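As C-alpha cells, the structure follows; a few thoughts come after it.
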Amino acid sequence: MRIWLLVALAACGGGPVRVDVDGEPPERLGQLRLFDWNDGELTYNDGVTPYELNTPLFSDFAVKERAIWLPEGEAATYTAAGVFDLPVGTVLIKSFLFPDDFRAPDRDLRMIETRLLMHGSDGWVAYPYLWDADQKDARLKLGGAVKDLSFVDANGDDVAFSYLVPQKNQCLDCHEHKSGFFGREVIPIGPTARNLNRGDQLTAWERDGLLAGLPALAEVGSAVDQDTWIDADLDAMSQDEIDRAARDYLDVNCAHCHSPSGSEGIASQLFLNWDNEDPFHFGVCKEPGSAGNGTGGYSYDVVPGNPERSILHFRMRTDELGSMMPDIGRSLVDEKAVDLIGRWILGLDGLGVQCEGEPPTP
Amino acid sequence: MHSNQMPTLAALSALALASACKREGFDDVSCRDLEAEDCVQVSADDPDGLIEALNGLAAGGAIVLGEGTFTMDNAVVIRGADGVTLIGQGMDATRLDFGGLKTQAPAGVDVIANDVRLEGFAVIDAPKDALRVEDSDGVVIRGIETTWSAGAATENGAYGIYPVKVSRVLLEDSVASYASDAGIYVGQCVNAVVRNNTASGNVAGLEIENTQFADVYGNTVTDNTGGLVVFDLPGNPVVGRDIWIHDNEVTDNNRANFAPGGTVRMIPAGTGTFSMASRRVIIEDNTYANNNTGDLAVLAGLVVQGDPEQWKLSKAELVGVVDGLDLEEDATGTSIYNWRTTDVVLRGNSHSGSGTAPDASLIDGAPGLGTLIALTWGDLAVDTVLYDAIGESAFDPVDPAGNSNDNRICIGADPGVTMASLDAENLSQAFPPTLDMVYRPAPPFAPFDCAGFGEVILPDLGDLDQTP
C-alpha cells in the first residue's frame with residue numbers, strides 16, 4: 001500500500017528539511033520538516049525518499065512507512081552484503097501506523113510513532129517520537145511508551161494488546177552490534193541491497209543520485225518479496241519457495257541479534273542470517289545455552305520435521321513474556337510466519353538428521 | 001550592609017536547596033552523596049520519570065532511586081552512556097517490580113555500559129532475567145537483590161544477577177533467590193571478584209561459566225538444587241581458567257530441581273560444587289555441609305555434551321588469555337578442545353553430613369548423574385570428592401598404580417575427606433553399577449596426592465575495587 005505522495009510541497013513547515021544530526025533532537029518532529037501527515041495523507045518533503053523492503057520486520061502488524069534523507073549532494077554507496085554505506089548526515093525515518101480495521105487497511109490510519117535513525121559525526125543515534133492524539137505532530141519521547149492499542153484484524157476479530165514504542169536505549173537492543181568481543185557500534189538494519197532490490201527501486205535511487213556503485217541488477221541478490229506469501233496459500237508454494245521465504249523472514253526478524261556479530265548470537269551460537277549454511281548454527285539438533293522458559297520444555301532449537309518440538313517455532317508461536325522471541329518489539333503472534341517457519345522445519349526432514357532422544361518424525 | 005547581607009542570603013538559599021534535595025525517600029543516598037555532575041532523583045511513585053531519566057542519561061550521569069516500590073510496565077535499560085550510576089536506598093527499601101511488565105524485554109534491568117555502578121535496589125518478578133549486564137567493562141554490582149515473589153517456581157525468570165561477557169566485574173553484598181536457572185551467573189567474563197553474596201532457593205546458586213580469572217569468596221550458598229559451580233559450556237570462545245573458590249559456605253543445597261529445561265535441568269538436587277570442563281581451579285577452605293548428593297565433583301564436559309567435536313574452538317576465535325593452558329589441539333593445530341578438566345586443587349575444605357541421600361530421580365525420563373551415584377552407593381554415604389576419570393589413560397578400581405592422573409587433579413588429605421574415582425563412562429554402562437567398580441583410595445589418595453599447579457592468577461580489577 002502506498003499512501004504517500006511524491007509531491008514536493010511547500011507544506012512541510014513551509015521550507016526545506018532542517019536537520020542537524022549532531023545537535024539536540026527537536027522536541028517536535030515537525031520542526032525537522034521531513035514530512036507532513038494530514039487527513040491520512042503522508043507527504044514527504046523535497047529530498048526525502050520513501051522506500052520499501054522486500055521482507056520487513058514484523059511489528060505487531062503495524063503498517064510501516066520508511067524514508068531516507070541524504071544530505072544535499074551525497075549518496076549512499078552500494079555494498080553487496082550488509083547495510084549500504086550511508087554518509088554522515090543521513091536520516092532514516094520509519095513511521096508506525098495502525099488502521100482501525102485491517103479489512104480496510106488503508107482507511108482510518110493513525111500514526112503511533114516515528115523513529116529516526118540519524119548518522120551523526122560520532123555514529124548513529126536513534127530517537128523515538130510519539131504522535132499526539134490529535135495526529136497533528138509527534139513529540140520526542142526518550143522514554144518511549146507502552147500503549148494499549150486495539151484493532152479489528154483481517155478476520156474481523158477484535159485484537160487488543162500492549163504495543164511498545166521503544167525507549168531510546170531500547171533502540172540499541174536491535175541496532176547495536178558487536179565490533180570485536182568487547183566493542184559495540186550502532187548501525188541501521190533495513191537498507192541492504194537484498195532487501196531494497198525490488199522493482200525499479202535501486203535503479204531509481206541511482207538515477208536520482210541517492211546511490212553510487214550499483215552493479216548490474218542481475219548481479220544484485222534479492223530477499224523474497226513478502227507479498228508473495230503473506231496473503232498466499234502456502235500449500236501452493238514449492239518447498240524451495242518456502243525455504244527461501246522462511247530464511248529471509250528469520251534473517252530480518254532475528255539476525256540483528258542471532259548472527260555471528262550479534263551478542264545473543266555469540267552467546268547462543270544460533271545464527272539465523274540468511275547466508276548461514278551450517279545446520280547446527282541455524283538450530284538443527286542444537287541445545288539452547290540459556291533459554292530458560294523459552295525452551296517450552298523442548299530440547300533443541302530446531303528438530304527437523306517437527307516444528308511442534310522445535311524451540312525456535314515455540315518461541316514464535318507463544319506470546320508469553322519471558323518465553324517469546326524476538327526479545328523486544330512483539331506482543332502478538334505472526335500466525336502466517338509461524339506457519340511458514342513450521343513448513344520450513346518440516347522440509348528440513350530432508351537433511352536426514354535425527355536429534356538424540358527425539359521421537360522419530362511421523 | 002549590603003556586603004554583609006550577601007553571605008547570609010547565600011547560606012539561606014543553600015539551606016533551602018539542601019532541604020529540597022534531601023527529599024523524603026532519599027534518606028540513605030541522594031544526589032548530594034554522589035560525585036556525578038548530572039544527577040537525577042526519582043521517587044518510587046514516578047516509574048515513567050525513571051524511564052525518562054534513564055534515556056536522558058549522559059556519560060558520567062547518575063540516577064538515585066527513592067524509597068518504595070517502582071511498579072514498572074517497561075524494562076529499565078541502561079545503554080549508550082558510560083560511567084553511569086543507578087543507586088537506590090538499599091535492597092530492602094528500593095524495589096523495582098517487573099511483575100506488571102506489559103511487553104517482552106530481555107531483562108528487568110538491562111545494562112550495556114562501561115564503568116557502570118548498580119547498587120542498593122531489588123529487582124522483583126522479572127519475566128526473563130532480573131539484572132543483566134552484558135558486553136561491558138568495569139562493572140560494580142553491589143547490594144542488589146533479585147527475587148521472584150512466588151518462591152521457587154518453574155515459571156520464574158531464568159537468571160537473577162547476570163553479568164555476561166563483561167570484563168572487570170565486582171559483584172558483592174548481593175542476594176539472589178528463586179531463579180529458575182541460576183541466582184548469580186557470572187558468564188563469559190574476564191576478571192571477576194564475587195564476594196559476600198547470598199544465593200538461596202535457586203536451581204543453581206552461584207555459577208562461574210566460561211570465565212577467566214575469578215576470585216569467589218565469602219559467599220553463602222544454601223538451599224539451592226546445586227550450590228556453587230564452575231564450568232565451561234561447549235562452543236564458547238572464552239575458555240575458563242584461574243578460578244579461586246575459597247571461604248564460602250555451601251550448605252543444604254537439596255532443593256528439588258525446578259528448572260524448565262536447559263543444561264541446569266541436569267543438576268541433581270543435593271549438589272554442593274562441581275568443576276566441569278574447567279582448568280586451573282582452586283577450591284579451598286570452604287565449608288560444605290548437608291548436601292545430600294555430594295559436596296565436590298570434578299567432571300569432564302563430556303558429561304553434558306558427549307560429542308568432543310562440539311567442544312572444538314578455532315584458535316582464531318578464542319577470547320581472553322589462553323597462554324600456558326596447554327589445551328588439547330586438533331590434528332591441524334588450528335583448533336582446541338576444552339571439554340577436559342585439568343589442574344584442579346581441592347584442599348582445606350570442611351565436610352559434614354553430605355552424601356547421605358543422593359538424588360536418584362530421572363531427568364525427563366532418563367537417568368542422570370545423580371541416578372548413577374544413588375545406584376552405585378546404595379545406602380552408603382557418597383564420598384566427599386567425586387572424580388569422573390573421563391580422559392584418564394588408566395583406571396583401576398583397586399591398584400593405585402593402575403590409575404593415571406593425566407588431568408592433574410589434586411586432593412588434599414584433610415580431615416573428613418574421602419575420595420572416589422568413578423570411571424563414569426564404564427560405570428554408566430553397568431547394570432547394576434557397584435562400588436566394586438569405583439576406585440576409592442585412602443588418604444593421601446594417590447595418584448591424586450599432588451600439590452597442584454601453584455597459585456591462581458588473581459583477577460585484575462584496576463581501580464574498580466576502590467569504588468565507594
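The values are calculated or read from the model by the stated rules, or taken from the named source; none is laboratory data. The model shown is predicted, which means the values in this text are computed figures rather than measured ones. Reconstructed Cβ throughout: ideal geometry from the backbone, glycine too, with neighbour counts over all protein chains shown. Protein only, heavy atoms only, side chains kept; ligands, DNA and RNA dropped before computing areas. Shrake-Rupley method; radii C 1.70, N 1.55, O 1.52, S 1.80 Å.
The selection criterion, being among the aromatic types (Phe, Trp, Tyr), open to solvent by less than 10 Å² (accessible area, probe 1.4 Å) and more than 10 Å from chain A (Cβ to nearest Cβ), does not hold for residue B:213. Mind checking whether some residue in the stretch B:242-253 is touching a residue at least 12 places away in the same chain (Cβ under 8 Å), among the aromatic types (Phe, Trp, Tyr) and within 19 Å of residue B:166 (Cβ to Cβ)? Yes, the stretch B:242-253 has at least one match.
Please tell me if residue A:199 is more than 19 Å from residue A:66 (Cα to Cα) and more than 14 Å from chain B (Cβ to nearest Cβ).
Values: more than 19 Å from residue A:66 (Cα to Cα): no; more than 14 Å from chain B (Cβ to nearest Cβ): yes.
The answer is no for residue A:199.
Among the conditions (1) surrounded by 14 or more Cβ atoms within 10 Å (Cβ to Cβ); (2) farther than 20 Å from residue A:83 by Cα, the only one that residue A:158 does not satisfy is (1).
Which one of B:186, B:164 is in contact with a helix residue (DSSP H, G or I) (Cβ under 8 Å, 6 or more places away or on another chain), within 14 Å of chain A (Cβ to nearest Cβ) and within 20 Å of residue B:460 (Cβ to Cβ)?
On the way: B:186 fails: in contact with a helix residue (DSSP H, G or I) (Cβ under 8 Å, 6 or more places away or on another chain).
After applying the criteria, what remains is B:164.
Where residues in the stretch B:154-173 are open to solvent by 20 Å² or more (accessible area, probe 1.4 Å) and not acidic (Asp, Glu), which of them is nearest to residue B:261 (Cα to Cα)?
Kept after step one, since they are open to solvent by 20 Å² or more (accessible area, probe 1.4 Å), are these residues of the stretch B:154-173: B:154-155, B:168, B:173.
The next check asks that each one be not acidic (Asp, Glu); those that pass are B:154, B:168.
Details: B:154: 9, B:168: 30 Å.
Ranking the candidates gives B:154 first.
Would you be able to say whether some residue in the stretch B:366-382 is touching a helix residue (DSSP H, G or I) at 6+ places or on another chain (Cβ under 7 Å), aromatic (Phe, Trp, Tyr) and touching a residue at least 40 places away in the same chain (Cβ under 8 Å)? For the stretch B:366-382, residues touching a helix residue (DSSP H, G or I) at 6+ places or on another chain (Cβ under 7 Å), aromatic (Phe, Trp, Tyr) and touching a residue at least 40 places away in the same chain (Cβ under 8 Å): present. Applying the criterion of at least 2 residues that are within 14 Å of another protein chain (Cβ to nearest Cβ) to the strands (runs of 3 or more DSSP E) found wholly in the stretch B:236-326 leaves B:312-314.
Annotation: of all residues in the stretch B:99-111 being crowded, with 24+ Cβ neighbours inside 10 Å and among the hydrophobic types (A, V, I, L, M, F, W, C), the one that is nearest to the other protein chains (Cβ to nearest Cβ) is B:105. In the condition set (1) surrounded by fewer than 24 Cβ atoms within 10 Å (Cβ to Cβ); (2) facing chain B (nearest Cβ under 9 Å), residue A:293 is compliant with all but (1).
From the list A:243, A:231, A:248, which one is modelled with pLDDT under 95, under 22 Å from the mean Cα position of the chain (by Cα) and charged (D, E, K, R)?
Details: A:243 fails: modelled with pLDDT under 95; A:248 fails: modelled with pLDDT under 95.
Step by step, each of A:243, A:231, A:248 is checked, and only A:231 is modelled with pLDDT under 95, under 22 Å from the mean Cα position of the chain (by Cα) and charged (D, E, K, R).
For (1) surrounded by 14 or more Cβ atoms within 10 Å (Cβ to Cβ); (2) touching a Cys at 6+ places or on another chain (Cβ under 6 Å); (3) not acidic (Asp, Glu), each residue gets a yes or a no:
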| site | (1), (2), (3) |
| --- | --- |
| A:128 | yes, no, yes |
| A:153 | yes, no, no |
| A:163 | yes, no, yes |
| A:215 | no, no, yes |
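Exactly one residue out of B:370, B:348, B:333, B:353 is at pLDDT below 95, at positive phi and not hydrophobic (A, V, I, L, M, F, W, C), and it is B:333.
Filter the stretch B:139-161 for residues that are among the hydroxyl-bearing types (Ser, Thr, Tyr) and within 11 Å of another protein chain (Cβ to nearest Cβ); which is nearest to residue B:92 (Cα to Cα)?
First, pick out the residues of the stretch B:139-161 that are among the hydroxyl-bearing types (Ser, Thr, Tyr): B:146-147, B:149, B:154, B:159.
Still in the running and within 11 Å of another protein chain (Cβ to nearest Cβ): B:154, B:159.
Numbers: B:154: 25, B:159: 20 Å.
Filtering first and then ranking leaves B:159.
Cβ-Cβ distances below 9 Å connect no pair with a first residue in the stretch A:41-65 that is without any contact (Cβ under 8 Å) to a residue 24 or more places away in the chain and under 20 Å from residue A:194 (Cα atoms), a second residue that is open to solvent by less than 20 Å² (accessible area, probe 1.4 Å) and not in a strand (DSSP E or B), and a separation of six or more residues or different chains.
For the stretch B:380-407, which residues satisfy the criterion of being within 28 Å of residue B:353 (Cα to Cα) and not acidic (Asp, Glu)?
If we filter the stretch B:380-407 for residues that are within 28 Å of residue B:353 (Cα to Cα), which is where we start, we get B:380-390, B:397-398, B:400.
Once the filter is applied, which keeps residues that are within 28 Å of residue B:353 (Cα to Cα) and not acidic (Asp, Glu), the stretch B:380-407 yields B:380, B:381, B:382, B:384, B:385, B:386, B:387, B:389, B:390, B:397, B:398, B:400.
Note on the stretch A:141-189: enclosed strands (runs of 3 or more DSSP E) holding 3 or more residues that are within 21 Å of the chain's Cα centre (by Cα), within 14 Å of chain B (Cβ to nearest Cβ) and within 27 Å of residue A:262 (Cβ to Cβ) are A:158-165, A:176-178, A:184-186.
Remark: residue B:176 matches the filter, which requires a residue to be out of contact with any Pro (no Cβ under 8 Å at 6 or more places or on another chain), open to solvent by less than 10 Å² (accessible area, probe 1.4 Å), away from chain A (no Cβ under 14 Å) and among the small types (Gly, Ala, Ser). For residue A:278, the conditions (1) within 14 Å of chain B (Cβ to nearest Cβ); (2) closer than 30 Å to residue B:160 by Cα; (3) not small (Gly, Ala, Ser) are fulfilled apart from (2). Taken over the stretch B:60-90, the criterion of being crowded, with 21+ Cβ neighbours inside 10 Å and more than 14 Å from chain A (Cβ to nearest Cβ) is satisfied by B:62, B:64, B:65, B:66, B:85, B:87, B:88, B:89.
Cβ separations smaller than 6 Å between residues 6+ apart or across chains give the following pairs from the stretch A:209-228 residues that are part of a loop (DSSP other than H, G, I, E, B) to residues that are open to solvent by 60 Å² or more (accessible area, probe 1.4 Å) and among the β-branched types (Val, Ile, Thr): A:213/A:77.
Looking only at the stretch A:320-353, filter to residues that are more than 14 Å from chain B (Cβ to nearest Cβ) and in contact with a Ser or Thr (Cβ under 8 Å, 6 or more places away or on another chain); which one of those is modelled with the lowest pLDDT? Lay out the reasoning, then the answer.
So the first thing to find is which residues in the stretch A:320-353 are more than 14 Å from chain B (Cβ to nearest Cβ), and the list is A:335-352.
Narrowing further to those that are in contact with a Ser or Thr (Cβ under 8 Å, 6 or more places away or on another chain): A:345, A:349.
Values: A:345: 98, A:349: 94.
Checked the stretch A:320-353; the qualifying residue modelled with the lowest pLDDT is A:349.
Looking only at residues of the stretch B:232-261 that are at pLDDT below 95 and of a type in the set (Gly, Ala, Ser), we find that the one that is farthest from residue A:289 (Cα to Cα) is B:259. Selection within the stretch A:296-327: residues that are over 23 Å from the mean Cα position of the chain (by Cα) and open to solvent by 30 Å² or more (accessible area, probe 1.4 Å). The member of this set that is farthest from residue B:261 (Cα to Cα) is A:308.
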